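The structure appears right after this line, and notes come after that.
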Amino acid sequence: MNTLQGLQALITEKQGLPKVGWIFVDKNFDKTSAVALLGAVFHIPENEDDEFYGEDYLASWLEIPTFLAVIELRGKQLKDPNVEDIANAAVYYLENDDFLE
């Protein structure tokens, strides 16, 4: 399992993320807090065993393709989105099952 500290690290790693699968966070993580995302610990499964572990002991956050779409769309909407812009867009997606426009 690959572990990344903070949303900026996850954004930086976007090219190296698997094409499918979930991004996991700790079970007690507040998914509705953009501020919490900035310092969250993200867990990226590297194989099927990691995926099963995440499903049993962690909380799913976003599917990787959805996370990448959030970044891409914010980049189209804002000239140079910062990490807070991405955090707000991710929370909006989780709360509304839709992309922030």
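The values are calculated or read from the model by the stated rules, or taken from the named source; none is laboratory data. From a predicted model like this one, the values you see are computed outputs, not experimental measurements. Heads up, the Cβs are rebuilt from the backbone with ideal geometry, glycines too, and the neighbour counts pull from every protein chain shown. Accessible surface areas use protein heavy atoms only, side chains included; no ligands, DNA or RNA. Shrake-Rupley method; radii C 1.70, N 1.55, O 1.52, S 1.80 Å.
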Could you work out how far apart the two model spin labels at Tyr53 and Thr3 are, taking each label as a point 7 Å from the Cα in the direction of the beta carbon, and quote it in nm?
0.9 nm
Show which lysines lie in cross-link reach of Lys14 when reach means a straight Cα distance below 17 angstrom and same-chain residues fewer than eight apart are skipped.
Lys76
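Mind checking the dipole of the stretch 37-100: about its Cα centre, +1 per Lys or Arg Cβ, -1 per Asp or Glu Cβ, Debye to the nearest 20?
540 debye
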To the nearest 10 degrees, the tilt of helix 83-96 (Cα long axis) against the first principal axis of the alpha carbons of the chain is 70 degrees
In Å², what does the accessible area per residue of the stretch 49-97 work out to with a 1.4 Å probe?
57 Å²
What do you get for trypsin sites (Lys or Arg not before Pro) in the stretch 32-101 restricted to DSSP loop and a cutoff of at most 10 other Cβ within 10 Å of the site's Cβ?
Lys79
Roughly speaking, to the nearest percent, how much of the stretch 1-93's 1.4 Å accessible area is carbon and sulfur?
49 percent
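I need the trypsin sites (Lys or Arg not before Pro) found in the stretch 14-53, filtered to DSSP loop residues with at most 10 other beta carbons within 10 Å of theirs.
Working: sites: Lys14, Lys19, Lys27, Lys31; in loops: Lys19, Lys27, Lys31.
Within the stretch 14-53, the qualifying trypsin sites (Lys or Arg not before Pro) (loop, at most 10 other Cβ atoms within 10 Å) are Lys19, Lys27.
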Label-point separation in nm, Asn28 to Ser60, each point 7 Å along Cα→Cβ:
2.4 nm
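So which GluC sites (Glu not before Pro) in the stretch 11-61 end up in coil per DSSP with only 12 or fewer other C-beta atoms within 10 Å? Numbers along the way, then the final one.
Details: sites: Glu13, Glu46, Glu48, Glu51, Glu55; in loops: Glu13, Glu46.
Within the stretch 11-61, the qualifying GluC sites (Glu not before Pro) (loop, at most 12 other Cβ atoms within 10 Å) are Glu46.
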